[in-house]
Every structure is written in C-alpha cells, then in structure tokens.
Amino acid sequence: MTTATLNPTPAHKADVPVHVTRETNWRHIAGRVVYHVFVMAFALLMIYPIIWMVFSAFKPTDTVFATAGQLIPTEWTLDNFVNGLKGFMGTGFVRFMGNSLLIAVIATAGTIASSAITAYALSRLKFPGRKILFIAMLVSMMLPAQVLMVPQYIWYQKLGWTDSYLPLIVPYCFAIQGFFIYLIMNFIDGIPRSLDEAAKIDGCSYYGIFFRVIVPLITPAVVTGCIFSFMWRWDDFLSALLYVNKTEWYPVSLALKLFSDPSSGSDYGAMFAMASISILPSVLIFLFFQKHLVQGVATSGLKG
C-alpha cells in the first residue's frame, strides 16, 4: 500500500488553484482591517467629547471656548484644578465627592442585596402570586421615572425625608429596580436545580441554599449589577436636585452646576477640571471589574 493511498489528498483541496486561495486570504485580511479601522473610528468618535473635556481642563478658563476647535492646549495651566477644588461657600469639592461616594456605595449595596434576594425568591421559590409579582416587576421597568416623580416627592415630603439623603438611599434597599432583579434572575435560572436539591439533602434551608450555593455562583451578575448601580447613583442629578437643598450636602452631579451661573459668572475651566476628576471612580471601577462585567452580561441570558 502506497503513501498516497494511506494519506489521500482531498479532491476539493487539490482542485483549488493557488491564486484563488491567496485571493481569499487577502480578502479576509482586508475585511478584518476595514472592520478594525471602522470600530476604532467609531470608538474615537464616542470618546472624543471626554478627551476634549480633559484637555480643556488644562486651558485657561477664558480661552476654553475660544479655542474649542483646538484639542491640544497651547498654554497649559493647573489653575482650573486649584480653583475647582476650593469648592463653594467654604465647602471643598472633595466634600462633594465624599457625598456622592456615600450615596452611591450605600444605595448600591442595598440595591444588589435586595435584588438578589428577590430574584432568588422569584426564580426558585413557589408561592401564590409569584407570576403576578413577576409581571408587575416587568411593568415597572417600562414606566418612565418622570411618571413617578411627583407622587414620590409628595410621599417623601409627608414622611419628612426631603432635604436629606433618605430618598436617595432607602428606596433602593427594597428592590425597586426591576433591571437588576431580571439580570440576577436570568443568572440564577442558569444554575442547575440539582445543586439546590443536594443542599436540601445536606440539611440546608432556603436561606442556607441562597447564601452557600446561589450567592457564590452569581458573582459575575452581582459585580455587573454593582457597576451599573454605582454609575447610575453617581451620575444621578435629578433626584439630588429634588431632595437635597443644602450646598454642603450636594453630590458631585449637583455641585458641578455651581460652576455655571448665567446670572453672575461661569468658570467653565474649573467645571471641566472637576468633571474630569468626577469620572475617575466610574472609569476605575469599570477597568478593575471589566472581566466580571463581560462575563455577567454574556452569561446572564444563558439557560441550563
């Protein structure tokens, strides 16, 4: 038996001319190059406003808009950062950052904890009205926040919560955001129920199953929810505008508008400088937990 018989050459490979194979490879390479150029151009288009803001923070405040078409400053200065960090009315900008951090961390912890418990109940437990509650949760996700703004304000006013952080923190500890419940529910549905049954055999209650089995397995979904919740609470402007009145209690989102006052004067250079600093927490959190974010988004919709 010859070597040709032992290793027969596929007919389709022998019949393909070499120049056709090379042409196909070149087309594939050209397609990849065009794809990456397009993606990089689109990414640059999306991130350019942020880049412009950061460079504008180093321009003299009276030349920020006069040189708006020029990205790189011709005259570099740190005065905008110095003036911005001084804050307003004796309250430094670091205090505003601390206020935002306090609100974002507590509200995020309450949101994820309550959403995880609610998602576990809707996903694993059988009780009367479960489907009705699930449908109500989905409907709540479709309601614009502006629809609830007036009744919520009246309610919080009667409770005496206005001019405080309570409306910005307490409601989120009761799973009021259906997005996170739905996100974690999809992740829990992908966990085999045999793990729950094995834990029951070992004597675990529903609470033991949740904390010892479910919670360790939904870490990507929890991290994903933490990232989104933190960024949303950090950037929340409208709620702070409604319920926080004292300047020293302002979060960053509300304090930035103090730099722009049409009635007296605006320090846009300082505003851009503080805005550049204020995005750092969200950027750092995204960079450090990017792996968990991608994993949580990619697997939260998988079943089985």
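Things worth noting here:
- Any chance Trp232 is open to solvent by 40 Å² or more (accessible area, probe 1.4 Å), closer than 29 Å to Gly92 by Cα and at pLDDT 90 or above: yes
- Any hit, the range 189-201, residues being free of Cβ contacts under 8 Å to residues at least 60 places away in the same chain, surrounded by 14 or more Cβ atoms within 10 Å (Cβ to Cβ), closer than 21 Å to Lys126 by Cα and of a type in the set (Val, Ile, Thr): yes
- Listed by first and then second residue, the pairs with beta-carbon distance under 8 Å, at least 6 apart or on different chains, first residue in the range 36-54 and outside the structural domain of Met271 (by the TED database), second at pLDDT 90 or above and not in a helix (DSSP H, G or I), are Ile50/Ile279.
- Checked against the criterion of being out of contact with any helix residue (DSSP H, G or I) (no Cβ under 8 Å at 6 or more places or on another chain), assigned to a helix (DSSP H, G or I) and either open to solvent by 10 Å² or more (accessible area, probe 1.4 Å) or at pLDDT 90 or above (or both), the candidates Leu287, Leu254 yield just one match: Leu287.
- Some residue of the range 130-140 being in contact (Cβ under 8 Å) with a residue 40 or more places away in the chain, among the β-branched types (Val, Ile, Thr) and open to solvent by less than 80 Å² (accessible area, probe 1.4 Å): no
- Condition check for Leu293: assigned by the TED database to the domain that holds Ile169, open to solvent by less than 30 Å² (accessible area, probe 1.4 Å) and at pLDDT below 90: yes
- Every residue from the range 43-91 that is assigned to a loop (DSSP other than H, G, I, E, B) and surrounded by 15 or more Cβ atoms within 10 Å (Cβ to Cβ): Ala57, Phe58, Lys59, Pro60, Val64, Thr67, Pro73, Thr77, Gly87
- Taking the range 180-217 as the range and being among the aromatic types (Phe, Trp, Tyr) and under 12 Å from Ala119 (Cβ atoms) as the test, the residues that pass are Phe180, Tyr182, Phe187, Phe210.
The values are calculated or read from the model by the stated rules, or taken from the named source; none is laboratory data. Bear in mind the structure is a predicted one, so any value in this text is a computation, not a measurement. Glycine gets a Cβ as well: all are built from the backbone with ideal geometry, and neighbour counts include every protein chain shown. Each accessible area value is taken on the protein alone, full model and side chains, heavy atoms only, with ligands, DNA and RNA left out. Shrake-Rupley method; radii C 1.70, N 1.55, O 1.52, S 1.80 Å.
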